[in-house]
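First the structure, in the form of structure tokens, and then the observations on it.
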Amino acid sequence: MTGFGEVWRANRPYLVNLAYRMLGDVGAAEDVVQEAFVRWSATPDVDDDRGWLTVVTSRLCLDQLRSAHSRRELPGSVLESHTPLAGSAPVDPADRITLDDEVRTALFVVLQRLPPAERVAFILHDVFGTPFESVARSLGRPIATCRQLARRARSHIAASGAGQPVDLDHHQLVTERFITACSTGDLDALLQVLHPDVWGTGTFAGSDYLRRGSADVAAGLLRYLGRATLVSAPPLLVAYLHRREFAVIRLTVTGDLVTKIVAAPGRDFQRPGAALP
């Protein structure tokens, strides 16, 4: 078995991202992933660490989803922040990140309303590209049934109108590399995913930040995001610090590299005078 620290660093960002997409709550996602690692450390002779952890994390999420579904609960923060998109007026490009946040929220609302097994099948297969064989192990159901669950989830999402304005497949691989590099503090890996002429901008605590070039941008990212938990909520990234939403980030990807990064303060840091963590 590979050492705990190595497996933790290599897989935790991916697993937290996966659990967050299922549960919609970063604290719950972190707790589930920690429990999965506890179980992994107590299990000898695991051949495929990521595959094993993915199955266990998915099952733990499914247990939570079934419990919440039986009580007909939806996270209040998701419902309170949801803004209907139908009939919206044209949006100025400067406000694009706000609209994308609304699209993200709308999709979360739809996902929360899916039956638990449908949500897990859809997120594992359609979002994270997990083969249906592994989805079947996670759900404890036949492969054909899992295909039907994912198909029904797609139909529900399409009928809801909570579409997404970007090609998620194009961004997924680069986004995962970006998250892993930031989460592990790996400067070399981060430089490999940034375009040499990348530029990043953001506004926090009333101050504007602008950085140009991969070295300058990478230094800023590790300074502000190195301690954060990053989760993918396409088409955005959301950064949490101490389980508070610190920043909402949009990556522009050209080819295999990030060419532009735009960040806005998260809900918990939008008040006037809010200090950077």
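The values are calculated or read from the model by the stated rules, or taken from the named source; none is laboratory data. Just so it is clear, the model here is predicted, and its values are computed rather than measured. Backbone-built Cβ (ideal geometry, glycine too); neighbour counts: all protein chains shown.
Data overview
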| read-out | value |
| --- | --- |
| Yes/no for residue 156 being at pLDDT below 90, farther than 16 Å from residue 253 by Cβ and within 22 Å of the chain's Cα centre (by Cα) | yes |
| Members of region 246-258 that are farther than 14 Å from residue 221 by Cα and part of a strand (DSSP E or B) | 252, 253, 254, 257 |
| Residues of region 1-57 satisfying the condition of being farther than 23 Å from residue 227 by Cα, without any contact (Cβ under 8 Å) to a residue 24 or more places away in the chain and not in a helix (DSSP H, G or I) | 42, 43, 47, 48 |
| Residue match in region 21-37 (condition: of a type in the set (Asp, Glu), farther than 16 Å from residue 180 by Cα, surrounded by 13 or more Cβ atoms within 10 Å (Cβ to Cβ) and modelled with pLDDT under 90) | yes |
| Check on residue 99, closer than 16 Å to residue 21 by Cβ and modelled with pLDDT under 90 | no |
| Members of region 226-249 found to be more than 12 Å from the chain's Cα centre (by Cα) and closer than 22 Å to residue 127 by Cβ, listed by number | 228, 245, 247 |
| Out of 137, 177, 119, sole residue that is assigned by TED's automatic domain parsing to the domain that holds residue 236, of a type outside the set (A, V, I, L, M, F, W, C) and either within 30 Å of residue 9 (Cα to Cα) or modelled with pLDDT of 85 or more (or both) | 177 |
